[in-house]
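See below for the structure under consideration.
The values are calculated or read from the model by the stated rules, or taken from the named source; none is laboratory data. None of the values given here were measured: they were computed from a predicted structure. Here the Cβ positions follow ideal geometry from the backbone for every residue, glycine too, while neighbour counts run over all protein chains shown.
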Amino acid sequence: MKEFSFRTREKEISELDGKHFQVAIIGGGITGAGLANIMAENGVSTVLFDKSDFCAGTSAGSSKLIHGGLRYLQQGKIRLTRELLKEREYLLKTTDIVKKLDFKVIIDDYSWGKGELTFGIFLYNVLAGHLKVQRMVKDNLGIPGVKGYFPYYDAVTEDTELVMYNIAYASQLGATCLNYTEITSISKPDKNYALEYIDRHGKKTGKVSAEIVVNCGGPWAKRVRELYDRNSPGNLSLSKGIHIILDKKVIGINYAIAFRSHIDKRQLFIIPRDKVTIIGTTDKFIDSPDDFSVPEEDINYLIDSVKRLFPTVSRDKVIGSFAGIRPLFGSGDDPGKISRDFHIERDNGLIDIYGGKLTSYRAIARKVARMIAPELKINIRTKGLPVIDYKRPKGEDRISFEAMYECPLYPEDIKLRREAAQIYDPMGQEKVEKDAETVLKSMEK
């Protein structure tokens, strides 16, 4: 396997100035990673830039779910739900980092109606290709106030791992993927686009050219667009969702729960993972794409909401928290009513992607790839793509492998985004960072 590390990055940066690429991608989250994967699979010369580390933004702050979204059905988003469920089924069958998880929709005084859920879950199953009528199970699960539940399944993943697998595979196929490299200017002096960049690690500056530029900036997509044209930024709204993390023993369940908060009837999830339980999420407008703060009032909202079902949950049981920012195409008074679907705008060879979900990344990448093909006057295969032919080893050599083939520059890159220890192992995250520091220093020799 070809090395993809801080050492190879240093060489690529030293040779970058003045280079020409067919496609330049701005943004190293799941959308940009998936597109880079398809481009590289087709032999298209591609460069991907991220101003921070790969997967340092929205893609690292999700609920870690690969799902169609029962709530979207309730909003009448049948096409979106069908497409998301199709992607869920594909990922469940083709990668071991997406796993099936049983859910139970709680029925109590604050829940959806039984008739509504019977039809909704039936339609959910049909859209996923399963003809099954699901009735309420009359079991209170030992939870106060619960009258029963409706079972269904969705899937979970490690979002940062899914991004890194796509980035690493694209690199193996020949794409130039550069973290900590920010685009500072986009212009079109001739038939190609000129992109000026700064290496935030080594402080080098330079310029590359590209025939196509794809804006995969997520919450920063509006700012990226303004680098080229300040007069036509996309209609992008930002909504922040926070999650809290508990030791798995606090609630002690091995299935996920969907329920409605008694405070505002918002749908929330309780999601068990290996060592922890993740609870979320909120949905509030924010102004800045850099605002990843976790307000105490939001933490208390989640605690108060879940405490009705599990009275042992309290503020002192919270061992971690994280925030994600949803880039939503559209506007309105309620972020929950703005579509979670993606929207693509094209201005000649400049393509802007707004919105989208972790689950829909492959569909977005295929659609953009089909737009790129006629611009480059080439055939680009999209059927069945992107695929991931990359896998980390299990065991003690995992951090060394990540350092060698996933291009972390700093120990926290491994802790926060290769291992995501602050989420999955909060009590052990300091050891992960120390081990990462040792590995990276050993590679400097």
In segment 349-360, the residues that are assigned to a strand (DSSP E or B) and of a type in the set (Ser, Thr, Tyr)
Tyr354
Give just the number: which of (1) more than 16 Å from Leu65 (Cα to Cα); (2) touching an Asp or Glu at 6+ places or on another chain (Cβ under 6 Å) does Tyr165 not satisfy?
(2)
Has segment 39-52 got at least one residue that is surrounded by 24 or more Cβ atoms within 10 Å (Cβ to Cβ) and at pLDDT below 95?
no
Take Val368 and decide whether it is part of a helix (DSSP H, G or I), in contact (Cβ under 8 Å) with a residue 12 or more places away in the chain and either more than 27 Å from Asn192 (Cβ to Cβ) or of a type in the set (A, V, I, L, M, F, W, C) (or both).
yes
Could you check, for segment 53-72, whether at least one of its residues is part of a helix (DSSP H, G or I), of a type in the set (Ser, Thr, Tyr) and touching a strand residue (DSSP E or B) at 6+ places or on another chain (Cβ under 6 Å)?
yes
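Out of Thr81, Thr94, report the one residue that is surrounded by fewer than 20 Cβ atoms within 10 Å (Cβ to Cβ), of a type in the set (Val, Ile, Thr) and in contact (Cβ under 8 Å) with a residue 40 or more places away in the chain. First the steps, then the outcome.
Values: Thr81 fails: surrounded by fewer than 20 Cβ atoms within 10 Å (Cβ to Cβ).
Being surrounded by fewer than 20 Cβ atoms within 10 Å (Cβ to Cβ), of a type in the set (Val, Ile, Thr) and in contact (Cβ under 8 Å) with a residue 40 or more places away in the chain holds for just one of Thr81, Thr94, which is Thr94.
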Filter result (free of Cβ contacts under 8 Å to residues at least 24 places away in the same chain, of a type in the set (D, E, K, R) and within 25 Å of Glu15 (Cβ to Cβ)) within segment 189-232:
Asp190, Lys191, Glu196, Lys203
Filter result (closer than 19 Å to Glu10 by Cβ and either basic (Lys, Arg) or modelled with pLDDT under 95 (or both)) within segment 388-417:
none
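Can you say whether Thr277 is surrounded by 19 or more Cβ atoms within 10 Å (Cβ to Cβ), outside any strand (DSSP E or B) and not assigned by TED's automatic domain parsing to the domain that holds Asn192, as far as the supplied structure shows?
Working: surrounded by 19 or more Cβ atoms within 10 Å (Cβ to Cβ): yes; outside any strand (DSSP E or B): no; not assigned by TED's automatic domain parsing to the domain that holds Asn192: yes.
For Thr277, the condition - surrounded by 19 or more Cβ atoms within 10 Å (Cβ to Cβ), outside any strand (DSSP E or B) and not assigned by TED's automatic domain parsing to the domain that holds Asn192 - is not met.
Residues that are at pLDDT below 95, within 26 Å of Arg362 (Cα to Cα) and in contact with a Phe, Trp or Tyr (Cβ under 8 Å, 6 or more places away or on another chain), at least 2 per element: which strands (runs of 3 or more DSSP E) completely within segment 120-207 meet that?
On the way: elements: 148-157, 176-178, 181-187, 193-199.
Those strands (runs of 3 or more DSSP E) span 148-157.
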Would you confirm whether any residue within segment 80-87 is in a loop (DSSP other than H, G, I, E, B) and either within 20 Å of Phe4 (Cβ to Cβ) or out of contact with any His (no Cβ under 7 Å at 6 or more places or on another chain) (or both)?
no
Consider Arg346 carefully, then state whether it is assigned to a strand (DSSP E or B) and closer than 22 Å to Tyr228 by Cβ.
yes
Hey, any hits in segment 390-405 for a residue that's part of a loop (DSSP other than H, G, I, E, B) and closer than 30 Å to Leu80 by Cα?
yes
Quick one: Ile372 ticks every box in (1) in contact with a His (Cβ under 7 Å, 6 or more places away or on another chain); (2) farther than 30 Å from Asp298 by Cα except a single one, so which number is it?
(1)
Look at segment 283-337 and say how many of its residues are in a strand (DSSP E or B) and either of a type in the set (A, V, I, L, M, F, W, C) or crowded, with 17+ Cβ neighbours inside 10 Å (or both).
14
Search result, residues across segment 274-291 that are out of contact with any His (no Cβ under 8 Å at 6 or more places or on another chain) and farther than 20 Å from Asp334 by Cα:
Asp274, Lys275, Val276, Thr277, Asp290
Of all residues in segment 208-237, count the ones that are in a strand (DSSP E or B), over 18 Å from the mean Cα position of the chain (by Cα) and among the small types (Gly, Ala, Ser).
2
